[in-house]
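Quick notes on the structure that follows.
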């Protein structure tokens, strides 16, 4: 089996990556082969450190953002690491190639005073759509789940005080929910049932089909545009908002890490920068010499 096909099988069956992620890896690998000028497995075996450096320089000269350069480099590093583990190559040419420095960008979040209220949904005449739109926004904000997790949320994984979410690499986690959120879920379920829509998925279209990511993204983008002046208006902004508001109101980083489904605490620590602004504000107000 050619190296590329073997690697794709590994990503799918052993790493259990999503098709979207696998496609990104394979596109990065294809671009790498074009830039370096290798077409066969034999030529891949001959790739060296200097060729890897040339590849990195070429990516930077293409005008890509450092984040994009590092993502592509990470794909190729994973590829050569796999080839080395399988014994296909004796030396990993990408092992000592360092990623380029990135600017630390703080995640955007919705300030508490700019959060929407239920009145923003009242203009929608269709009950099913109105209930669905409000539930989409509240699920993101009250649980911090990802877009893919919301779309895949199963009816049988919902109870009156918690939801079970299937996250990255099929890892499950339990997230507590409020009584008010469960009431929104019940209301939507009743509307869904009245239309005769039967599906194991909580969220479906009026035709009973699975929601498309773009559909959900557009909903969030619209309502955040109505309520905020943020430059980014996506489901991930609501995930950041959930984490930031939790931290600002006393939740520990370890708790937020578990709720978000992060494997590493360092991924959660980005929210401490946002929280510090509030701490600094409180300090100035509360300390006599602040």
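The values are calculated or read from the model by the stated rules, or taken from the named source; none is laboratory data. Note that the coordinates shown come from a computational prediction; the quantities given were computed from them, not determined experimentally. Please note: Cβ atoms are built from the backbone with ideal geometry, for glycine as well, and neighbour counts cover all protein chains shown.
Answer yes if at least one residue in the stretch 191-201 is under 19 Å from the mean Cα position of the chain (by Cα), surrounded by 13 or more Cβ atoms within 10 Å (Cβ to Cβ) and outside any loop (DSSP other than H, G, I, E, B), and no otherwise.
no
Which of the numbered conditions does residue 67 fail, given that it passes all the others? Conditions: (1) closer than 23 Å to residue 270 by Cβ; (2) modelled with pLDDT of 90 or more; (3) part of a helix (DSSP H, G or I).
(2)
Considering only the stretch 144-172, how many residues are farther than 16 Å from residue 219 by Cβ, touching a helix residue (DSSP H, G or I) at 6+ places or on another chain (Cβ under 8 Å) and surrounded by 16 or more Cβ atoms within 10 Å (Cβ to Cβ)?
So the count comes out to 6.
Please list, ordered by first then second residue, the pairs with beta carbon atoms under 7 Å, 6 or more apart or interchain, first in the stretch 5-26 and more than 23 Å from residue 214 (Cα to Cα), second loosely packed, with under 15 Cβ neighbours inside 10 Å.
16/169; 16/170
Return the residues of the stretch 70-90 that are outside any helix (DSSP H, G or I), surrounded by fewer than 18 Cβ atoms within 10 Å (Cβ to Cβ) and in contact (Cβ under 8 Å) with a residue 12 or more places away in the chain; say none if nothing qualifies. Walk me through it before giving the result.
Kept after step one, since they are outside any helix (DSSP H, G or I), are these residues of the stretch 70-90: 86-90.
Going one step further and asking which of them are surrounded by fewer than 18 Cβ atoms within 10 Å (Cβ to Cβ), we end up with 86-88, 90.
Passing the criteria: 86, 88.
On the given criteria, is residue 101 assigned to a helix (DSSP H, G or I) and under 30 Å from residue 231 (Cα atoms)?
Answer is no for this residue.
Looking at the structure I just gave you, is residue 66 within 27 Å of the chain's Cα centre (by Cα), surrounded by 14 or more Cβ atoms within 10 Å (Cβ to Cβ) and farther than 19 Å from residue 34 by Cα?
Working: within 27 Å of the chain's Cα centre (by Cα): yes; surrounded by 14 or more Cβ atoms within 10 Å (Cβ to Cβ): yes; farther than 19 Å from residue 34 by Cα: yes.
For residue 66, the condition - within 27 Å of the chain's Cα centre (by Cα), surrounded by 14 or more Cβ atoms within 10 Å (Cβ to Cβ) and farther than 19 Å from residue 34 by Cα - is met.
Would you tally the residues in the stretch 225-236 being part of a helix (DSSP H, G or I) and at pLDDT below 95?
Residues in the stretch 225-236 being part of a helix (DSSP H, G or I) and at pLDDT below 95: 4 in total.
Kindly indicate whether any position in the stretch 126-145 is over 25 Å from the mean Cα position of the chain (by Cα), assigned to a loop (DSSP other than H, G, I, E, B) and on the phi < 0 side of the Ramachandran plot.
Within the stretch 126-145, one or more residues are over 25 Å from the mean Cα position of the chain (by Cα), assigned to a loop (DSSP other than H, G, I, E, B) and on the phi < 0 side of the Ramachandran plot.
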